[in-house]
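Below is one structure, written out as structure tokens, with a few remarks after it.
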Amino acid sequence: SDSCSGCGPGYRSPLEAMKGRREEIVYLPCIYRNTDIVKPDYLATVDVDPKSSTYCQVIHRLPMPNLRDELHHSGWNACSSCFGDASKKRNRLILPALMSSRIYVVDVGTNPRAPQIHKMVEPIELYWKSGLANPHTSHCLGNGQIMISCIGDPAGNNKGGFALLDGETFEVVGNWEHPGEAAPFGYDFWYQPRHNVMISSEWGAPKALVDGFNPAHVKEGLYGTSLHVWDWTTHRKLQSLHLGEEGAIPLEVRFLHDPDATEGYVGCALGGTVFRFYKTPEGDWATEKVIHVPNKKVKGWALPEMPGLITDILISLDDRFLYFSNWLHGDIRQYDITDRRKPRLVGQVFLGGSIISDGPIRVVEDPENQPQPRPRIIKGRRVPGGPQMLQLSLDGLRLYVTTSLYSGWDKQFYPDMIRSGSVMMQIDVDSVKGGLTVNENFLVDFGKEPDGPVLAHEVRYPGGDCTSDIWL
């Protein structure tokens, strides 16, 4: 890969990153909140090197010093956005806790296989310095700071603002957005400096989603349906792009990796849709729906219709394929997005989900005419829950999948996963024609953890990956 002198962390370009080292270990937050086990969440290090004697095993666990944090997503102190800065190292993992509002800074540089806690930012610092709570996505910025999107205020109401951390001391500096200009809801964000833009998305009010999903809360306006366009230089909010009911709960925002690109995609959980967002010839931003996963009519479930619930999406580093998971239906889909406006389904695989053939739920009408999938058994273990968080290898050939969404929703939709723990799987990708195949020899069973079954969430590679790195 890159051997230039005087270079910072990451890779010069997304295509250089594709030639990067194969992943040997990955980090995953493991969550006990909302299970019957009263233990701290922890960061697991998992060996994913097929040549290793500890392949598919958790080789290290770093417990947090507190209970019920709800570790969720993670980011870096430095990524490919700092590639030109030789003084920067990718040696700290930023680990915000979604429900306690703590922010842990983990030292992954001293011993990558056995991370240690470097610093802890207490909730009160986030509350008092930024008026924000419930931190979600963190991205490092080219200027050395770290930005974390938040979904709430300290009282649990919805508020979509952004907290800045100092990249050296990791203290909260304050807000990125101007006073009074936070979005109504927060969730994810991605910036594209060459076009002076950042786009953020919306989940829901922390108080509404804390104990599970109540469809009435959607009607009450406690969940979001918009994307927000921000001026990257002035930090002003320029536009709110309303996606409507079809775009309800727009979660992960993914710009194309090419830093010149003026478009990307967002997966809308409740709408079962993927919208493309793009810059218009006039210079403002617009959206169009490009994928729709129709609801299935069901019997034996909480509602008469079951959405796919698109929860995670990602794009391969060459901007050729888009992947997403339908957490309720139970499938992962791969689309060829060479024609950006007309994604073409080229791969699909079922991994658990709510409509498995031997379960209590009957599909009575399916617009896609698919048979109810058989339960998925890998290495003798029945896959609980449905496919959720995704991470793709740099070369685009391996897709890692975990099954936990968020402990409050896991408990409601997949109580068996609370009892038996989640799993991590790996899918082999045909990156020439498209196509997905489950690797039957890969399974990390988080039901066998020393303190009892746990919920494993987002996958990160020590050297960065296609959902954490932004190129300038």
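The values are calculated or read from the model by the stated rules, or taken from the named source; none is laboratory data. None of the values given here were measured: they were computed from a predicted structure. Virtual Cβ from ideal backbone geometry, glycine too; neighbours counted across all protein chains shown. Quick note on the areas: whole protein, heavy atoms, side chains included, nothing else; ligands and nucleic acids left out. Shrake-Rupley method; radii C 1.70, N 1.55, O 1.52, S 1.80 Å.
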**the range 175-201, residues that are open to solvent by 10 Å² or more (accessible area, probe 1.4 Å) and of a type in the set (Gly, Ala, Ser)** = 180, 182
**Asked** Can you find a residue in the range 321-339 that is touching a residue at least 24 places away in the same chain (Cβ under 8 Å), open to solvent by 60 Å² or more (accessible area, probe 1.4 Å) and part of a loop (DSSP other than H, G, I, E, B)?
**Response** no
**Message:** Out of everything in the range 103-133 that is open to solvent by less than 10 Å² (accessible area, probe 1.4 Å) and part of a strand (DSSP E or B), what residue ends up being farthest from residue 24 (Cα to Cα)?
**Reply:** 133
**Request:** Please note which strands (runs of 3 or more DSSP E) are completely contained in the range 15-67 and include at least 1 residues that are surrounded by 19 or more Cβ atoms within 10 Å (Cβ to Cβ), under 20 Å from the mean Cα position of the chain (by Cα) and in contact (Cβ under 8 Å) with a residue 60 or more places away in the chain.
**Result:** 25-31, 42-47
**Request:** Return yes when residue 247 is in contact with a Ser or Thr (Cβ under 8 Å, 6 or more places away or on another chain) and closer than 22 Å to residue 413 by Cβ and no when it is not.
**Result:** yes
**Subset tally (residues that are out of contact with any helix residue (DSSP H, G or I) (no Cβ under 8 Å at 6 or more places or on another chain), open to solvent by 10 Å² or more (accessible area, probe 1.4 Å) and within 17 Å of residue 97 (Cβ to Cβ)) for the range 138-158** = 1
**Request:** Quickly run through the range 405-421 and pick out the residues that are within 20 Å of residue 361 (Cβ to Cβ) and outside any helix (DSSP H, G or I).
**Result:** 405, 414
**Request:** Go through (1) out of contact with any Gly (no Cβ under 9 Å at 6 or more places or on another chain); (2) in a loop (DSSP other than H, G, I, E, B); (3) open to solvent by less than 20 Å² (accessible area, probe 1.4 Å); (4) not hydroxyl-bearing (Ser, Thr, Tyr) and name the single condition residue 391 misses.
**Result:** (2)
**All positions within the range 305-329 that are farther than 23 Å from residue 204 by Cα and of a type outside the set (D, E, K, R)** = 315, 316, 317, 321, 322, 323
**Request:** Give the residue, chosen from 275, 255, that is surrounded by 16 or more Cβ atoms within 10 Å (Cβ to Cβ), over 26 Å from residue 163 (Cβ atoms) and touching a strand residue (DSSP E or B) at 6+ places or on another chain (Cβ under 8 Å).
**Result:** 275
**Complete:** Within the range 349-378, the residues that are part of a strand (DSSP E or B), touching a Lys or Arg at 6+ places or on another chain (Cβ under 6 Å) and surrounded by fewer than 15 Cβ atoms within 10 Å (Cβ to Cβ) are 362, 364, 365
**Prompt:** Which residues, counting only those in the range 394-414, are more than 16 Å from the chain's Cα centre (by Cα), surrounded by 24 or more Cβ atoms within 10 Å (Cβ to Cβ) and closer than 27 Å to residue 317 by Cβ?
**Reply:** 394
